[in-house]
C-alpha cells in the first residue's frame with residue numbers, strides 16, 4: 001500500500017478513489033481473504049504493462065525465492081515485455097519492470 005501511495009499522482013480524484021477502495025474493503029478475520037483484498041487493490045492500481053508480470057509471480061511456490069533470471073525470461077517468452085528502444089535488450093526492460101514492481105511493494 002505504501003508503494004502505491006508513494007508512486008502515483010496525488011490528484012483529488014485519485015485520493016477519492018483510494019478512499020472508496022479502502023472503505024469497500026471489509027474487515028475480515030480470515031488472513032487469506034485480507035491478503036487477497038490487498039493484492040487486488042495493488043493490482044488494480046498497476047499500470048497495464050505491469051499487470052501480467054505481477055500475476056506471473058503466482059507461478060512460483062509461496063515463501064520461496066523467485067529466481068530473477070528465470071522470471072524475466074518467462075516474461076519475455078510470454079510477450080509481457082515491450083521494447084521501447086530498439087537498441088536496448090529485452091532483458092534490460094524486464095529488469096526495469098521488476099524494479100518497478102519491487103518499488104511498489
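Taking neighbour Cβ counts within 10 Å as the exposure measure, how do 74, 57, 80 sort from fewest upward?
Sorted ascending by nearby Cβ count, the order is 57, 74, 80.
Between residue 103 and residue 16, what is 0.36 nm times their sequence separation minus the Cα-Cα distance? Round to one decimal in nm.
Full extension from residue 103 to residue 16 adds 29.0 nm.
Quick one: order 49, 69 by neighbouring beta-carbon count within 10 Å, fewest to most.
69, 49
Taking the simple approach of a point 7 Å from Cα along Cα-to-Cβ for both residue 33 and residue 76, what is their distance in nm?
4.3 nm
Provide 102, 81, 38 in ascending order of the number of other Cβ atoms located within 10 Å of each residue's Cβ, fewest first.
Arranged by neighbour count, lowest to highest, 102, 81, 38 become 102, 38, 81.
Every read-out reported here was derived from the displayed coordinates using simple, explicitly stated rules and does not represent laboratory data. The structure presented is a predicted model; accordingly, all values stated were derived computationally and were not measured. Cβ coordinates were reconstructed from backbone atoms using ideal geometry, including for glycine residues, and neighbour counts include every protein chain displayed.
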